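Structure first, then comments.
The values are calculated or read from the model by the stated rules, or taken from the named source; none is laboratory data. All of these numbers come straight from a predicted model, not from anything done at the bench. Counting neighbours? That spans all protein chains shown, and the Cβs are built from the backbone with ideal geometry, glycine included.
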């Protein structure tokens, strides 16, 4: 079984109260694929410039990630993002965004990618997400992420997508914005009514909620004494969610609940280092150990 | 077994996007005792003015709450608070506070109150909390609440109290303020180091965390589609927590975890009506039904 992810691969310069990194590897598809690769096989669709370098592509290969779908644009420059986290780590300022080769991104799935069991549409232009859906064969389980920028500009297009996907991943403020409901529980239920069978609302340090038909599954965040850099936590969450599901071989509701717990655990690890530093060296064993310990923290006996 | 609560009994005028009430019964000791009375016997220590009226005292008697410790000041006026909730219900403005008879409150425990098994010090002047502790006989389990006002003005006095109590109930921003730690997990652990065996950090709609020695227990809030009036949710939380503990007859850590879940459920009910409207007619059966349903929302099978 395998998972196709379409999204961004980028260079990130990040500063937080805990330090800073310059031009570290980032992007939604990077975090997603590294997290998913802990559990399963991942096929990556993204674009980078010539400056990305073989050593960075090697980062994916070491994790068994298929990069046939990673386009390298000769003479092009890789998407660059610079951001800074404030003292309380819940707010961040974007200092610079250079789309570079990402501006002309036209995702193309290699033939070997078209019949995968899982597909994740990272946070990119909804028009591109639609174009990816048109290339897919079979009936994969499809997840999708988005952001306020696209909800503002391409709301109708997003609603078209919601009708075609299985699981929407969205953060709390975006769920309110997209649904028009201020209350998160009503927001989740409203979004379910618009198409996807499942909606995951991510609340950062406050955990997440899985809406599944009429059912609600509530999960706190993994308690961290130090959040070094939350960049990519949401994409790692989705990556671990899909990675676990693909590896577990079942899709009844209990598998989805466990996927939410694995997702939470891996997102927590991601926050413990700058960029992909912690995620890239994360082993399945560490995840399993923390999974067990985490479940005990909210289990009543 | 019984629980003594010392705190405020007040009239509240509250407005929220869902409507408003004028001079409804409120106050920390009111919410606490109504919530605790669902599970156990409560003895109330507070002060009201002559304007409080027999029909309001009857509210306590209907729930079997002992009011021997409720002082009625002849010719005095009851503590009055007026507040307004904003659209997102997480922020509120205090429009008016009239301490009235509460200004001269000198809590005195009737003899029949001095040997109770549980004692809760509601959010009042730490000097008064100390004076209550001096009147207690035996070795009750003692809980304590406080607020930013007292942390600002009587920090040292609060630290004296922390050494004498078993469980601190505190909200997230106050935990940060009192501990000096911005990270909530570190804040909870730091507070444990200063005295109480257990610390409960309340995060409103984001749930709560029980710190118990080195252990952490995480619990989401009960998911509500409509929050009508969150006034008193924290005091109902503490009331249900103590009420359940007193009724359960055990104090190992599993009882405390269950107490946190009951507390969360009852606090949720409180938010469903203005003032004590929902809480005052809440039956144990409804609580048990929702307790079971709630646990299923975060249980992995």
Handout entry: Subset of the range B:250-279 (residues that are modelled with pLDDT under 95, within 14 Å of chain A (Cβ to nearest Cβ) and under 20 Å from the mean Cα position of the chain (by Cα))
Key = none
Exercise for the section: Quickly run through the range A:163-187 and pick out the residues that are buried (at least 19 other Cβ atoms within 10 Å of the Cβ) and either under 17 Å from the mean Cα position of the chain (by Cα) or away from every other protein chain (no Cβ under 14 Å) (or both). Expected result: A:165, A:167, A:168, A:169, A:170, A:171, A:174, A:175, A:178
Fill in the blank from the handout: Expected output for the range B:239-260 (first residue touching a residue at least 60 places away in the same chain (Cβ under 8 Å), partner surrounded by fewer than 17 Cβ atoms within 10 Å (Cβ to Cβ) and part of a helix (DSSP H, G or I), Cβ below 9 Å, 6+ apart or cross-chain) is B:244/B:255; B:245/B:255; B:249/B:255
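Of everything in the range A:100-124 that's in a loop (DSSP other than H, G, I, E, B) and under 19 Å from the mean Cα position of the chain (by Cα), which residue is surrounded by the fewest Cβ atoms within 10 Å (Cβ to Cβ)?
By that ranking, first place goes to A:117.
Which one of B:300, B:201 is at pLDDT 95 or above and within 13 Å of chain A (Cβ to nearest Cβ)?
Details: B:300 fails: at pLDDT 95 or above.
Being at pLDDT 95 or above and within 13 Å of chain A (Cβ to nearest Cβ) holds for just one of B:300, B:201, which is B:201.
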Practice task
Answer yes if at least one residue in the range A:221-228 is farther than 22 Å from residue B:209 by Cα, in contact with a strand residue (DSSP E or B) (Cβ under 9 Å, 6 or more places away or on another chain) and touching a residue at least 12 places away in the same chain (Cβ under 8 Å), and no otherwise.
Solution key: no
Practice task
May I ask you to say which residue of B:216, B:192 is modelled with pLDDT of 95 or more, on the phi < 0 side of the Ramachandran plot, surrounded by fewer than 24 Cβ atoms within 10 Å (Cβ to Cβ) and assigned to a strand (DSSP E or B)?
Solution key: B:216
Fill in the blank from the handout: Only unsatisfied item for residue B:290, checking (1) touching a residue at least 24 places away in the same chain (Cβ under 8 Å); (2) farther than 19 Å from residue B:226 by Cβ; (3) surrounded by fewer than 24 Cβ atoms within 10 Å (Cβ to Cβ), is (2)
Practice task
Output the residue which, of all residues in the range A:280-297 that are touching a helix residue (DSSP H, G or I) at 6+ places or on another chain (Cβ under 7 Å) and more than 14 Å from chain B (Cβ to nearest Cβ), is farthest from residue B:259 (Cα to Cα).
Solution key: A:280
Practice task
Within the range B:231-249, count every residue that is within 13 Å of the chain's Cα centre (by Cα) and at negative phi.
Solution key: 12
Practice task
Determine, yes or no, whether residue A:188 is in contact with a helix residue (DSSP H, G or I) (Cβ under 7 Å, 6 or more places away or on another chain) and touching a residue at least 40 places away in the same chain (Cβ under 8 Å).
Solution key: no
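Restricting to the range B:225-234, count the residues that are within 9 Å of chain A (Cβ to nearest Cβ) and crowded, with 19+ Cβ neighbours inside 10 Å.
Of the range B:225-234, the ones within 9 Å of chain A (Cβ to nearest Cβ) are B:225-227.
With crowded, with 19+ Cβ neighbours inside 10 Å added as a condition, the list becomes B:227.
Of the residues in the range B:225-234, 1 are within 9 Å of chain A (Cβ to nearest Cβ) and crowded, with 19+ Cβ neighbours inside 10 Å.
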Practice task
Working only within the range A:57-99, note down all residues that are surrounded by 12 or more Cβ atoms within 10 Å (Cβ to Cβ) and part of a loop (DSSP other than H, G, I, E, B).
Solution key: A:63, A:65, A:76, A:77, A:78, A:79, A:88, A:89, A:90, A:99
